[in-house]
Amino acid sequence: ATLLRNAIVVSFIREVKSSIEKTYSKYRKVDLKMVIKPNIITDRILHAMATGNWPGGRTGVSQILDRTNMLSTLSHLRRVVSPLARAQPHFEARELHFTSWGRMCPFETPEGANIGLVKNLALMAHVSVGYDEREVEQLLIQLGVKPLTEILEELRERVRRGEGSSPAEYISWSKVYLNGRLIGVHPNGGELASRIRELRRQGKLSPEVNVAFFRGEYLNEVYVNCDAGRIRRPLLVVENGELKLRPEHVKMLKNGSLKFEDLVKKGVIEYLDPDEEENAYIALTPSEITKEHTHLEIWLPGTLGIVASIIPYPEHNQSPRNIYEAAMGKQSLGLYAANFQRRMDSRGHFLHYPQKPLVQTRALDVIGYNEKPAGQNMIVAVLTYTGYNIEDAVIMNKSSIERGLGRSTFFRVYTTVEYKYPGGQEDKLTVPSSDIRGYKGPRAYEKLEEDGIVAPETNVSGGDVLIGKVSPSRFMATQELTGSEQAKQDTSIVMRHGEKGVVDMVMITTDNDGNKLVKVRVRDLRIPELGDKFASRHGQKGVVGLIIPQYDMPFTEEGITPDLIINPHAFPSRMTVGQLIESIAGKVAALEGRLVDGTPFYKEDPERLMIVLKKHGYPETGEEAMYDGRTGELLKAPVFIGVVYYQKLHHMVSDKIHARARGPVQILTRQPTEGRARAGGLRWGEMEVDCLVGHGAAALLKESMIERSDKAVIYVCELCGHIGYYDKIRGRYVCPIHKEKGVLKPVEVSYSFKLLLQELMSMSVMPRIMLGDVREG
Ligand SMILES: [Zn+2]
């Protein structure tokens, strides 16, 4: 904030100064009202906040909150971004450091350029807010710290008395640093540190203060920290081998008469920063506490971040799979906000029937995932069937989809404002008439009502105008010349190319400046189809490869058909054993009508789950005999089948499917535009060209690169090889060198090649095209 303020004030002053100088140099009276534009500072701050671009080239300072689902929102709020350049290796900065235990999630980091630089806080981690430094300094002096100023005074006195300048007696004392600043020395640093801790636990010192004492061969220092921005984590205090947390505390916590913060005030729990943790000896479980221990971990799964803590049995997975899931959990569709129907987010997805996972982790209740889940419990068989689930594809049960499995809705909001301009000009929301510049043809406007806005429940698709708007021309001059209506331009809001949907809600209101503001929300039903992406909570993702009617799906002896069939080859190399356990646990949950706990380190024992399965009359391995739904024959091997929680990811084919025959071209190169949003073509790149060259497919190559792309005919002089131009008076092409004596021949080239030649000419290079004989036939 300070940075922003300074930068803006500096540029503001510079601007005012230059405009005063300008007026003054014209011998005019300086009018402050004219010189200082009233909104300039507000506008600058708003612009910086909206774009995240801070003055001085810093980007990403403010970001748009991720609302894909509840998890992604929370995770975004706890993200820690390193300012280090991602282009450089910075190996040490990216590595998982031991002081990150309990502070940063070991799993949640992006893959690729930002790996290890973008981190997320662990569940229990807390960022210090700071405490008054002067007060702490006073306290330290009271506790016997000798300030540097006093020592200096003493030494000066000694020099005056001719006793030399050696501070001999202080050499052995401990140096005391407050927030990294040397403030003085203390005869016994260890004692000072334990005295500070004692005061803090008695509630006589802010719990924001941390102290660490370091003693080594050349080291004798006390670090006292009370500044903001340290990442700290709570631990249970152990004194003389005894836990300060008593059973009565737990009872009071349960009945609500005591809060977590009260335990911090009582000194039962304390927050340690990385410095102080160096002095601590922390037990992992109550049973291992000895006389030497100073603390006990509160809850081991609290070392994970928000997204990683939804994974059941993560300690049974190969570590990278948990990292993949930490990235994918943020892309799954669910209930991102309970009031989504009243909101006007610029875009959003929600799953129609989100479910609580049958296999839970205890963190799910803590973070509120069970209230806003993002997935569904599916019956999953691990089986190769029909061949359409090769290479991570999955087969889905058509009847399950018809019952609502994986069904979601996408919506997008289109916005416009009816602005008023200086000089009495203003925008108008209306159905534009055909004489307005940029008129899109009558078809585009046919869904508009008289007020120029579409009605709710109208079916709309790409290219349809949702809000008709007419604005005054950007060039005032042309307007004065031609008069009123003709100079106006069409600034209607058009539905995005390639999207379809139904108008869900129309909102008409005013903005802060009193201008009319219209928002139109369009919804689109998304039923799972071929190519949609699904993933379990173990980094096992796949796309739908085939949708089979229930009667053709394989079935068990009881007649159970799976919702989803995944390929067994997804397991051996990836080693996501956690998913296999979840499958068995989910089956137990379904059979017993209860939730199973898959919290890491505190989970329900998988061996016991197998016994429960056996008790219910199922094979304990989770495998069952199954029959082919098409033939009724018994499948040769037993099939592993159970209940697994699957997430629908927001990558859907309907957002990506794209083809074009004709369409827009770039103005400069005349080549087709790129990208789905611009109705672009699919690039036939250099490597693909080499492929056709290698096959000798010259005709196809010519068609792809010339005819279907940027074909152009240029006229080249046979004598000198220069490109000729058209002389309108003579009605023929002329050579720039030989004039009308030139012999000009039409040559088919790609327009971008012609552009290249002319760019070379602009750099004083003279490219020439030497023409040969045209081969007949
Ligand atoms: Zn010529």
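If you take the residues in the stretch 696-705 that are part of a helix (DSSP H, G or I) and open to solvent by 30 Å² or more (accessible area, probe 1.4 Å), which one is farthest from the ligand (Cβ to nearest atom)? Quick ask: steps written out before the conclusion?
Applying the first criterion (part of a helix (DSSP H, G or I)) to the stretch 696-705 yields 698-705.
Still in the list and also open to solvent by 30 Å² or more (accessible area, probe 1.4 Å): 698-703, 705.
Details: Ala698: 30, Ala699: 32, Leu700: 34, Leu701: 30, Lys702: 27, Glu703: 31, Met705: 28 Å.
That would be Leu700.
The numbered conditions (1) more than 44 Å from the chain's Cα centre (by Cα); (2) surrounded by 11 or more Cβ atoms within 10 Å (Cβ to Cβ); (3) away from the ligand (no atom under 16 Å from the Cβ) are all true for Met761 except (3).
Which of the residues that make up the stretch 75-105 are in contact with a helix residue (DSSP H, G or I) (Cβ under 7 Å, 6 or more places away or on another chain), at pLDDT 90 or above and open to solvent by 50 Å² or more (accessible area, probe 1.4 Å)? Within the stretch 75-105, just Trp101 meets the criteria.
If you check Val716, Val689, Val693 for being outside any loop (DSSP other than H, G, I, E, B) and within 16 Å of the ligand (Cβ to nearest atom), only one passes: Val716.
Table: residues versus (1) among the hydroxyl-bearing types (Ser, Thr, Tyr); (2) under 24 Å from the mean Cα position of the chain (by Cα); (3) closer than 30 Å to Leu300 by Cβ; (4) not assigned by TED's automatic domain parsing to the domain that holds Asn317.
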{"position": "Arg14", "(1), (2), (3), (4)": "no, no, no, yes"}
{"position": "Ile36", "(1), (2), (3), (4)": "no, no, no, yes"}
{"position": "Arg44", "(1), (2), (3), (4)": "no, no, no, yes"}
{"position": "Met49", "(1), (2), (3), (4)": "no, yes, no, yes"}
{"position": "Asn53", "(1), (2), (3), (4)": "no, yes, no, yes"}
{"position": "Glu95", "(1), (2), (3), (4)": "no, yes, yes, yes"}
{"position": "Gly102", "(1), (2), (3), (4)": "no, yes, yes, yes"}
{"position": "Pro106", "(1), (2), (3), (4)": "no, yes, yes, yes"}
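Within the stretch 737-753, if we keep just the residues that are of a type outside the set (D, E, K, R) and within 11 Å of the ligand (Cβ to nearest atom), the residue that is farthest from Gly680 (Cα to Cα) turns out to be His738. Taken over the stretch 719-731, the residue count meeting the criterion of being more than 11 Å from the ligand (Cβ to nearest atom) and either under 57 Å from the mean Cα position of the chain (by Cα) or within 15 Å of Gln758 (Cβ to Cβ) (or both) is 2. Annotation: Leu32 fulfils all but one of (1) free of Cβ contacts under 8 Å to residues at least 12 places away in the same chain; (2) under 27 Å from the mean Cα position of the chain (by Cα); the unmet one is (2).
Tell me, yes or no, whether the stretch 237-244 has at least one residue that is open to solvent by 20 Å² or more (accessible area, probe 1.4 Å), under 21 Å from Ser128 (Cα atoms) and of a type in the set (S, T, N, Q). No, the stretch 237-244 has no match at all.
Give Val734, Val774 a once-over and let me know the one that is within 16 Å of the ligand (Cβ to nearest atom) and either in contact with a Phe, Trp or Tyr (Cβ under 6 Å, 6 or more places away or on another chain) or at pLDDT below 95 (or both).
On the way: Val774 fails: within 16 Å of the ligand (Cβ to nearest atom).
Criteria check complete, one pass: Val734.
Could you tell me whether Ile13 is under 30 Å from Gly334 (Cβ atoms), open to solvent by 80 Å² or more (accessible area, probe 1.4 Å) and β-branched (Val, Ile, Thr)? In short, no. The set of residues from the stretch 363-379 being within 18 Å of Leu121 (Cβ to Cβ) and either outside any helix (DSSP H, G or I) or among the β-branched types (Val, Ile, Thr) (or both) comprises Val366, Ile367, Gly368, Tyr369.
Note on the stretch 648-666: among residues that are in a loop (DSSP other than H, G, I, E, B) and charged (D, E, K, R), the one that is most open to solvent (accessible area, probe 1.4 Å) is Arg662.
Selection over the stretch 58-74 of residues that are open to solvent by 40 Å² or more (accessible area, probe 1.4 Å) and touching a residue at least 60 places away in the same chain (Cβ under 8 Å) gives a count of 3. State yes or no: is Arg574 part of a strand (DSSP E or B), within 31 Å of the chain's Cα centre (by Cα), buried (at least 16 other Cβ atoms within 10 Å of the Cβ) and of a type in the set (Lys, Arg)? No: the conditions fail for Arg574. So for the stretch 160-173 (the condition being surrounded by 17 or more Cβ atoms within 10 Å (Cβ to Cβ) and within 30 Å of Arg233 (Cβ to Cβ)), does at least one residue qualify? No - not one qualifying residue is present in the stretch 160-173.
Taking only the stretch 320-353 into account, find how many residues are open to solvent by less than 40 Å² (accessible area, probe 1.4 Å) and in a loop (DSSP other than H, G, I, E, B). Residues flagged as open to solvent by less than 40 Å² (accessible area, probe 1.4 Å) and in a loop (DSSP other than H, G, I, E, B) within the stretch 320-353 amount to 7.
Taking each residue of the stretch 714-740 that is within 22 Å of Ser750 (Cβ to Cβ) and open to solvent by 70 Å² or more (accessible area, probe 1.4 Å) and looking for partners that are hydrophobic (A, V, I, L, M, F, W, C) and within 10 Å of the ligand (Cβ to nearest atom) with beta-carbon atoms closer than 8 Å, six or more apart or interchain, yields Glu718/Val743; Glu718/Leu744; Tyr725/Val734; Tyr726/Val734; Tyr733/Leu744.
Residues in the stretch 442-461 that are in a loop (DSSP other than H, G, I, E, B) and surrounded by 20 or more Cβ atoms within 10 Å (Cβ to Cβ): Gly452 only. Close Cβ contacts (under 7 Å, 6 or more residues apart or on different chains) running from residues in the stretch 758-777 that are in the same structural domain as Tyr715 (by TED's automatic domain parsing) to residues that are modelled with pLDDT under 95 and among the β-branched types (Val, Ile, Thr) are absent.
Could you please find all residues in the stretch 405-418 being of a type outside the set (Lys, Arg) and either at pLDDT below 95 or under 30 Å from Leu466 (Cα atoms) (or both)? Break it down stepwise before answering.
We begin by selecting, within the stretch 405-418, every residue of a type outside the set (Lys, Arg); these are 405-406, 408-411, 413-418.
Once the filter is applied, which keeps residues that are of a type outside the set (Lys, Arg) and either at pLDDT below 95 or under 30 Å from Leu466 (Cα atoms) (or both), the stretch 405-418 yields Gly406, Ser408, Thr409, Phe410, Phe411, Val413, Tyr414, Thr415, Thr416, Val417, Glu418.
Within the stretch 500-515, the residues that satisfy the criterion of being in a loop (DSSP other than H, G, I, E, B) and in contact (Cβ under 8 Å) with a residue 12 or more places away in the chain are Asp511, Asn515.
Among the residues of the stretch 387-429 satisfying the criterion of being touching a strand residue (DSSP E or B) at 6+ places or on another chain (Cβ under 6 Å) and part of a loop (DSSP other than H, G, I, E, B), which is surrounded by the fewest Cβ atoms within 10 Å (Cβ to Cβ)? Full working, then the answer.
Here is the first cut: in the stretch 387-429, the ones touching a strand residue (DSSP E or B) at 6+ places or on another chain (Cβ under 6 Å) are 388-389, 392-396, 398, 406, 408-418, 420, 426-429.
Next, only the ones that are part of a loop (DSSP other than H, G, I, E, B) stay: 388-389, 392-393, 406, 427.
On the way: Tyr388: 17, Asn389: 25, Asp392: 14, Ala393: 18, Gly406: 26, Asp427: 19.
The qualifying residue surrounded by the fewest Cβ atoms within 10 Å (Cβ to Cβ) is Asp392.
The values are calculated or read from the model by the stated rules, or taken from the named source; none is laboratory data. Predicted model only: the values in this text are computed from it and were never measured. Reconstructed Cβ throughout: ideal geometry from the backbone, glycine too, with neighbour counts over all protein chains shown. Note: areas computed on protein heavy atoms with side chains; ligands, DNA, RNA excluded. Shrake-Rupley method; radii C 1.70, N 1.55, O 1.52, S 1.80 Å.
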